[in-house]
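Asks: Dropping a structure here in structure tokens format, bear with me for questions.
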Amino acid sequence: MKKIMVFMLLALVCSTTSAQITQKDKDDFFGTESKEDFFGEGTKEDFFGKNDPGFAAERQKMYENYNKFRKEALDKYSDYVRKAWKDYKANPAVPAPKDDMVKPQLAPGAEEKTASWFIKIFGKGKKENNKNAKPKSKPAQRKQVVAKVEEVIKAEPVIPQPKPQIPAEPREEKANSYMKFNVFGTECKVRIGDNCRFKLPNVSSAAVADAIQYVFPGQQFENLLYDCMQERKLHNFSDWAYYQMLSALTSQFYGKDSNEAVLCQAFLYSQSGYKMRLAHTPDKLYMLAATRHFIFNKQFYVVDGENYFLLSDDKVENFGICEASFPKESSLSLQITASQQFSNNPTMQRTITSRYNEDFSFTITSNKNYIDFYNTYPSSTINNNFMSRWAMYGNTPMESGIKDQLYPPMKAKLQGLSQEEAVQQMMWWIHGAIDTEGKIKNANCFLYNYDDNVWGYDRNFFAEETLFYPYCDCEDRSVLLSHLVRDLLGLDVVLVYYPGHLAMAVNFTEPVKGDYVMLDGRKFIVCDPTYIGCHVGETMAGMEDQPVTAILLNR
């Protein structure tokens, strides 16, 4: 326990070492004692007095011994912090690769003025002269397309979030009052007060070492760390949201972009189990974050063979960077594995109606706080494969507020349909209309437009964004459809990437004919939410002979 607790408290210190530190140096500092050497044979519960009401005095003595040991360790380690930092030159930000634009297409007969074949299912609400109706039957028999799969992208395994080197424990003695702060419209609170304030006279290694040695060992920072971890748990914050939360906290208390805010954020971030390195210019301190993903459009530095990204918008060509590592530290992951609990900030209602069945219409209200969070989410890849980015979007669960509004009424309208009919209904709902010239106003359907026209750059959407913004493209539609099929029908799906175009395919458990992709002996029928007005099993014209990449999604 002794060794482990010191690791936790010294995360920041380890991260600010300036010179090359040998393994012998680390062993000399951390020692080789087992965790029982410091606390004896008692358990953590014994130490914190949870099993023995009469243990308070002994617990206090243990705290005193622990604090004494920690202070001695920090004093010794500060010698490393005061050494010169190594100079690094930045690697320029890498722009996200850009796909060729494949024009959206109308399926043959999509605009024929005939009744939809959904008349026989719903039996009402449709007129024979409905200009938006689908043909009564599928087109004439066509040659079946079996896509040639050149590559399969598997979803990244779910990675548990980092943990402190020991569980953060609250200290109630002389605890600070709670300070409230806001992150993406969501109120958080932590115990922080004047005894947490400090002033860096400069950003030299000596000044940083002094702050680490004399400021952060206090129990007020133990409470602060504990509260931060509790907020991460309470709101189901992903790593990216937690990073943003710490930035909001320290900016409010110490001043935005101040050196003190950066140092405290780095301390809390590293104590939470994340891998970071401190860096400085002559007058400013920075925190660099190691990630499991390669982030586009951000400067990065290669330290010990690993990429560390400058997540701020600053442009810095040269840094002095600490190279020391911290035991058990983990790189930030851009995975979002659970619905995060941002406070609700409702937008105006939006009604989205299928152009092929007026009865398939839903009204929803988005949560603006989610939209604001997604606006900060960086474009990235896993294992240097640009195709992997779609797996991250496709595997991010839809937020519970949207599902609560959309899923019950949609499920009710799908009641009694076959799997093929249900997917067809959802696919036609997403088809909407093509509006690459931006001429359609006040549309109550999904509109297709190029990202370059709307944003000026290629931008991927999470499913909630596709439901919020008026325009979307093939990737956005495929990600949204993949969620609907998995969540409402319980079927496995893959995203199918043709050169310049993304569609989806479904592993039906009922007989369904059509073009398909074979994976591990299973047939996935093509379902294209951008081939406007097409049927299940139809490949967009021009894609029939193209090789594909199959991107597996979790269910």
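Asks: For segment 141-224, state the average projected area of the convex hull of the C-alpha atoms over all orientations, rounded to one decimal in nm².
Replies: Values: hull surface 53.8 nm².
So the Cα hull casts an average projection of 13.5 nm².
Asks: Report the trypsin sites (Lys or Arg not before Pro) located in segment 203-280 that are in a DSSP loop and have at most 10 other Cβ atoms inside 10 Å of their Cβ, or state none.
Replies: Working: sites: Arg232, Lys233, Lys256, Lys275, Arg277; in loops: Lys256, Lys275.
Taking segment 203-280 and a limit of 10 other Cβ atoms within 10 Å, the loop trypsin sites (Lys or Arg not before Pro) found are Lys256.
Asks: Within the set Lys83/Lys284; Lys199/Lys315; Lys163/Lys189; Lys98/Lys403; Lys368/Lys403; Lys89/Lys284, which residue pairs have Cα atoms separated by over 22 Å?
Replies: Details: Lys83/Lys284 18 Å; Lys199/Lys315 25 Å; Lys163/Lys189 20 Å; Lys98/Lys403 32 Å; Lys368/Lys403 15 Å; Lys89/Lys284 16 Å.
Listed pairs above 22 Å: Lys199/Lys315; Lys98/Lys403.
Asks: With the radius of gyration and the Kirkwood radius both derived from the Cα set of segment 195-309, what is their ratio Rg to Rh? Walk me through the intermediate numbers first.
Replies: On the way: Rg = 14.2 Å, Rh = 14.9 Å.
Radius of gyration over Kirkwood radius for segment 195-309 works out to 0.95.
Asks: Next question. Considering only the other residues whose Cβ falls under 14 Å of the Cβ of Lys403, what net charge follows from Lys and Arg at +1 and Asp and Glu at -1? Walk me through the intermediate numbers first.
Replies: Numbers: positive: Lys411, Arg486; negative: Glu399, Asp404, Glu464, Asp487.
Neighbour charge sum, excluding Lys403 itself: -2.
Asks: Only loop residues by DSSP count here, and only those with at most 11 other Cβ atoms within 10 Å; note down the GluC sites (Glu not before Pro) in segment 453-555 that meet that.
Replies: Numbers: sites: Glu464, Glu465, Glu475, Glu538, Glu544; in loops: Glu538, Glu544.
Sites meeting the loop and neighbour criteria: none at all.
Asks: Rg(Cα) of segment 370-419 divided by 2.2 N^0.38 Å? Numbers along the way, then the final one.
Replies: Values: Rg = 15.7 Å, N = 50, 2.2 N^0.38 = 9.7 Å.
Ratio of Cα Rg to 2.2 N^0.38 Å: 1.61.
Asks: Normalise the Debye intensity by I(0) for segment 404-555, one equal point scatterer per Cα, no solvent, then take log10 at q = 0.13, 0.20 Å⁻¹ and round to two decimals.
Replies: -0.57, -1.34
Asks: Would you mind calculating the gained length between Met348 and Asn195 on full extension (0.36 nm times residue separation, minus the Cα-Cα distance), in nm to one decimal? Write out the running numbers ahead of the final one.
Replies: On the way: separation 153, 0.36 × 153 = 55.08 nm, distance 4.40 nm.
Separation in residues times 0.36 nm, less the Cα-Cα distance, equals 50.7 nm.
Values quoted throughout were computed directly from the atomic coordinates according to the rules given, and no laboratory measurement underlies them. Given the structure is predicted, the values throughout are model-derived calculations rather than measurements. Cβ coordinates were reconstructed from backbone atoms using ideal geometry, including for glycine residues, and neighbour counts include every protein chain displayed.
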